[in-house]
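Colleague: Here it is, the structure in full.
Bear in mind these aren't lab numbers, they're just calculated from the coordinates by the rules spelled out. Note that the coordinates shown come from a computational prediction; the quantities given were computed from them, not determined experimentally.
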Amino acid sequence: MWSGLEGAAGTDELVAFAKKLGLKPEWIQRAGKPSEHFDLVASKRDKALRLGATVRRRNAKLTRKINDLVAKGMARGDDVAKIEAEMRATL
């Protein structure tokens, strides 16, 4: 099973945490996009959780809304956490 490691505070935080897991920065997926992440195998996911990562599930409605805003140029990758908080308040 694969998991995705996302950084709530942006690319720098994501890459720094990924390095703690033994991942190389060039392995980042979709760099600079709202969906940037590192793919993790189960053992790396377990290590990430031990190091303080949290499990986050995003519902389909929220994901579609965020993708729509980004596609329309109304949001950037850095805006995702803010959009998520606002959308959760209205869901």
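Colleague: Multiply the residue separation of residue 33 and residue 46 by 0.36 nm, subtract the distance between their alpha-carbon atoms, and state the gained length in nm to one decimal.
Modeller: 2.2 nm
Colleague: From the cross-link list 19/47; 24/47; 24/44; 19/44, which pairs have alpha carbons spaced over 20 Å apart?
Modeller: From the list (19/47; 24/47; 24/44; 19/44), the Cα-Cα distance tops 20 Å for no pair.
Colleague: Another question about this same structure. From the square roots a ≥ b ≥ c of the eigenvalues of the alpha-carbon gyration tensor of region 3-50, which class results: rounded (a/c under 1.5), prolate (a/b over b/c), or oblate?
Modeller: Prolate, since a/c reaches 1.5 and a/b exceeds b/c.
Colleague: Same structure again: What lysines does residue 65 reach when the alpha-carbon gap must be under 26 Å and sequence neighbours fewer than 8 apart in one chain are set aside?
Modeller: Output for residue 65: 33, 82.
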